[in-house]
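A.B. asks: Here it is: the structure, laid out below.
The values are calculated or read from the model by the stated rules, or taken from the named source; none is laboratory data. Just so it is clear, the structure is predicted and the values come from calculations on it, not from any experiment. Cβ placement follows ideal geometry from the backbone for every residue including glycine, while neighbour counts extend to all protein chains displayed. Just so you know, the surface numbers come from the protein's heavy atoms only, side chains and all, with ligands and any DNA or RNA stripped out. Shrake-Rupley method; radii C 1.70, N 1.55, O 1.52, S 1.80 Å.
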Amino acid sequence: MTFKAAAIQMCSGVDPEKNASDMARLVREAAAKGAVYVQTPEMTGAVQKDREGLRSVLKAEADDIIVSTARSLAEELGIHVHVGSTAIALDDEKIANRGFLFAPGGSRICTYDKIHMFDVDLDNGESWRESSVYRPGDEARVAELPFAKLGFAICYDVRFPSLFRTEAVAGAEVLTVPAAFTSQTGVAHWEVLLRARAIENGAFVIAAAQAGVHEDGRETFGHSMIIDPWGKVLASAGGSGEAIVIAEIDVGQVKAVRGRIPNLKNARDFTLETVAAEAKGVAA
């Protein structure tokens, strides 16, 4: 089974309506190039570091313009549309960093809420506390599509290999990592983390990214990528501005690679013992 996949690179601003329009234009372009699965980046709807500014444009899922636009595009174009994530208002004043997958008829297949919160202090002075704003998810997800089994993650999740291993063991053949990676961490870790997740799980990885300097002053790394199960980068974008990354996905490669290096089957349970060394010069 083969299919053409696209990762949409964006530089989302603070206006969800403008971002929805940009998303629609890029998704239509990807579909015109033959993509039947199209993924957008994390925070497609708004990149806004000011909390009150973000809250002022948030909607519940039923009223969100990114959600309704993606659903309409899936139905109009007859493709699978995966909104990498967008911010959704919740009843308890918290926000969900939520991904959506829509079927060609426009029906919603599933959602995925980002599990791991980006609570970090970087060397350049950047400090992020996602847990103070967002409600973390607590459920991994694998969607069985006609052409592949798809596993979900969002951005910072990529640093937690157990999530991807759990999805791969459950049968995921394509792992997804839509992101808004910071420039500092992106330069150091983006490609190596994505390739590691592909290699250790014998799976394709599709990662649509935000890219460039945003309206709120944030700078994201870009370099959207599609990687094969052997760790080869099939297609990638640059570090700024819009782009469409497309590659042919041959799902048969997953079985071939996992047969060649069957580390998913070869994994074993084990225990851990911490052994204290004797103090220097002290006799037993």
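A.B. asks: Checking LYS255 against (1) open to solvent by 20 Å² or more (accessible area, probe 1.4 Å); (2) modelled with pLDDT of 95 or more; (3) farther than 23 Å from PRO161 by Cα: exactly one of these is not met. Which one?
C.D. replies: (3)
A.B. asks: Pick from segment 216-235 the residues that are outside any loop (DSSP other than H, G, I, E, B) and not aliphatic (A, V, I, L, M): which of them is surrounded by the fewest Cβ atoms within 10 Å (Cβ to Cβ)?
C.D. replies: GLU219
A.B. asks: Oh, and also: Consider only pairs whose beta carbons are under 8 Å apart and that are at least six residues apart or on different chains; among these, list those whose first residue lies in segment 256-271 and is of a type outside the set (Gly, Ala, Ser) and whose second residue is in a loop (DSSP other than H, G, I, E, B) and open to solvent by 100 Å² or more (accessible area, probe 1.4 Å).
C.D. replies: Here the result reads VAL257/TRP230, each pair linking segment 256-271 to a residue that is in a loop (DSSP other than H, G, I, E, B) and open to solvent by 100 Å² or more (accessible area, probe 1.4 Å).
A.B. asks: Quickly run through segment 46-68 and pick out the residues that are in contact (Cβ under 8 Å) with a residue 24 or more places away in the chain and under 14 Å from THR111 (Cβ atoms).
C.D. replies: ALA60, GLU61, ASP64, ILE66, VAL67
A.B. asks: If we keep just the residues of segment 160-210 that are in a helix (DSSP H, G or I), among the aliphatic types (A, V, I, L, M) and touching a Leu at 6+ places or on another chain (Cβ under 8 Å), which is surrounded by the most Cβ atoms within 10 Å (Cβ to Cβ)?
C.D. replies: If we take residues in segment 160-210 being in a helix (DSSP H, G or I), among the aliphatic types (A, V, I, L, M) and touching a Leu at 6+ places or on another chain (Cβ under 8 Å), then ALA198 is surrounded by the most Cβ atoms within 10 Å (Cβ to Cβ).
A.B. asks: Let me ask something else. Which number in (1) touching a Pro at 6+ places or on another chain (Cβ under 6 Å); (2) without any contact (Cβ under 8 Å) to a residue 24 or more places away in the chain marks the one condition that MET117 misses?
C.D. replies: (2)
A.B. asks: Okay, moving on. Restricting segment 88-99 to residues that are open to solvent by less than 40 Å² (accessible area, probe 1.4 Å) and in contact with a Phe, Trp or Tyr (Cβ under 8 Å, 6 or more places away or on another chain), which is nearest to VAL57 (Cα to Cα)?
C.D. replies: ILE95
A.B. asks: Could you say which residue among LYS49, LYS59 is among the basic types (Lys, Arg), surrounded by fewer than 19 Cβ atoms within 10 Å (Cβ to Cβ) and in contact with an Asp or Glu (Cβ under 7 Å, 6 or more places away or on another chain)?
C.D. replies: The conditions single out LYS49.
A.B. asks: Any residue in segment 22-29 that is hydrophobic (A, V, I, L, M, F, W, C), in contact with a Pro (Cβ under 7 Å, 6 or more places away or on another chain), open to solvent by less than 40 Å² (accessible area, probe 1.4 Å) and within 16 Å of ILE246 (Cβ to Cβ)?
C.D. replies: No, because not a single residue in segment 22-29 is hydrophobic (A, V, I, L, M, F, W, C), in contact with a Pro (Cβ under 7 Å, 6 or more places away or on another chain), open to solvent by less than 40 Å² (accessible area, probe 1.4 Å) and within 16 Å of ILE246 (Cβ to Cβ).
A.B. asks: Let me ask something else about it. Between a first residue in segment 77-98 that is under 18 Å from GLU42 (Cα atoms) and a second residue that is in a strand (DSSP E or B) and charged (D, E, K, R), which pairs have beta carbons less than 8 Å apart while being 6 or more apart in sequence or on different chains?
C.D. replies: Sorted first by the residue in segment 77-98, then by its partner, the pairs are SER85/ARG98; THR86/ARG98; ALA87/ARG98; ILE88/ARG98; ALA96/ASP113; ASN97/ASP113; ARG98/ASP113.
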